[in-house]
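Structure first, then comments.
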Amino acid sequence: MNRRARDVEAILRDGHALDLAIVAAHRRVILRHRQLGVPLVIWRDGQVAELPPESVALPSNGEPIDTQADGV
C-alpha cells in the first residue's frame, strides 16, 4: 500500500475530520447561494423543494465564536 492510500484511510477513520469537512461544505454552499441570489434545492417529503438561502441557518465553521466581537 502506498503512502497516499494510507493517508486517505487515516482521514476516513477520523470521524471528526469528516464531520468538519461536511459542515464546511454545507456552509460554503449556503454562502454561495446567498451571494448569487439563487434558491437552495432540497429533497423534502418525497418532493423537490426550493428554499431561499436566507431562510437556512448558516452552520458554524467549527471555530470558537467570539461573543465579545459585537460588544455583546
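The values are calculated or read from the model by the stated rules, or taken from the named source; none is laboratory data. Quantities reported herein were computed from a predicted structural model and do not represent experimental measurements. Using ideal geometry, Cβ is built from the backbone for each residue, glycine included, and neighbour counts are taken over all protein chains shown. These accessible areas exclude ligands, DNA and RNA; they are computed on the full protein's heavy atoms, side chains included. Shrake-Rupley method; radii C 1.70, N 1.55, O 1.52, S 1.80 Å.
The table below lists the values:
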quantity: Matching residues, the range 13-28, being over 15 Å from S60 (Cβ atoms) and open to solvent by 50 Å² or more (accessible area, probe 1.4 Å); calculated: R13, D14, L18
quantity: Enumeration of residues in the range 51-72 that are loosely packed, with under 10 Cβ neighbours inside 10 Å and either modelled with pLDDT of 85 or more or touching a strand residue (DSSP E or B) at 6+ places or on another chain (Cβ under 7 Å) (or both); calculated: S55, A57
quantity: Test: L36 is open to solvent by 100 Å² or more (accessible area, probe 1.4 Å), of a type in the set (A, V, I, L, M) and at pLDDT 90 or above; calculated: yes
